[in-house]
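To keep things clear, I will list the structure first and then write my remarks on it.
Any read-out appearing in this document is the output of simple, stated calculations on the displayed coordinates, not a laboratory observation. Being a predicted model, the structure only gives us computed values, none of them experimental.
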Amino acid sequence: MAYTLEFADSVKEQLKSLTAHQRAIIIDSVEKQLINEPLEETRNRKPLRPNPIAPWELRIDNLRVFYEIASEESNVVRGYKEGNTLYISGKAVKL
């Protein structure tokens, strides 16, 4: 079953803080890896321990995309991680 990707409004601001190359990598990877079976654990996709951000993480090189399945037909990307720093809406967040 193919899912429809639906980005949260805050994602636009988050993506603006990245380089054009990073944005292209993230969007391409999200489209390829989360369209089908986004809840299946893989080498680059894993469930997280309970936290206030999102239940799933997608690793893309040194970037991280945090997402959740909002319904049976869509998912929402919440933020990204560079190194040990998590960014939500372009701001560093401490877990």
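Subtracting the Cα-Cα distance of Ser17 and Arg49 from their residue separation scaled by 0.36 nm leaves 8.9 nm. The stretch between Glu6 and Ile27, if pulled fully straight at 0.36 nm per residue, gains 6.4 nm over its current Cα-Cα span.
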